[in-house]
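Read-outs: derived from the displayed coordinates by stated rules, not from any lab. Just so we're clear, the structure is a prediction, and the values are computed from it rather than from any experiment. Cβ atoms come from the backbone with ideal geometry, glycine included; neighbour counts cover every protein chain shown.
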Amino acid sequence: MRSEKEIFELLEGIIAEEKSSVACGITIQRMKSEAEPEAIRTAFSLEAAIKSHITELWTVVDVVFDDCLHYDYLQMLAVCEDYVELQKGKPLERMSLVLTLTPLGEYDFFFAGVDGFWAYYTDKATEPCHGLRFIFWKEQFAGYELKPGAVEEMIAGAIDELHFSISANEALNSYLNF
């Protein structure tokens, strides 16, 4: 297993490439129970550039797009704005905005930030916003590594599920053809 420092160094290395090599997701989660979160709304992108800054107290992650009209940016922005609206309507309900980052091609580890806040992002004050800035308490943003073989187990499970689904469809089709 890699140490947390090694995982963050991987994130910095990915960011240093200055091109999108990260699958980025934003999800609004409602806690049904402590162990069972429910996803309310989600948006993903494979085209965002990621920038990060880590201090003693905060982890700041910028999710930046080429243009303020980029489809993925607009979808992620809508999730963030929905989160604000949901918080207004149900202040006592436990919800969280979750940011996940998974390096493309490296699916044995990922980064997740929980219970942070967000803001609009732009490189220059004279330009329209074309990204989102997420700020988390340092303890609320971490890197996680899956145990060896976990990815293979997930892929095998998905293949088994697909085979079962195909077999069930074939059985149903043969039954309906009678």
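Evaluate E = 1/(1 + (r/R0)^6) for Glu139 and Arg41, where r is the Cβ-Cβ distance and R0 equals 30 Å; express this FRET efficiency to the nearest 0.05. After rounding to 0.05, the efficiency reads 0.75.
For the residue pairs Lys51/Lys138; Lys51/Lys124; Lys32/Lys138, the C-alpha atoms sit more than 18 angstrom apart in Lys32/Lys138.
Spin-label model, Asp82/Glu56: points 7 Å from Cα along the beta carbon direction are separated by 3.9 nm.
Taking other residues whose beta carbon is less than 12 angstrom from the beta carbon of Arg133, and scoring Lys, Arg as +1 and Asp, Glu as -1, yields -1.
Of the peptides 61-73, 119-131, the order by per-residue mean of other Cβ atoms within 10 Å, starting with the highest, comes out as 61-73, 119-131.
Quick one: net charge of Val60's neighbours, Cβ under 12 Å, K/R +1, D/E -1? Here the count lands on +2. Annotation: amide H of Phe109 within the under-5 Å range of Leu146, sequence separation 5 or more or interchain, hydrogens built in the peptide plane.
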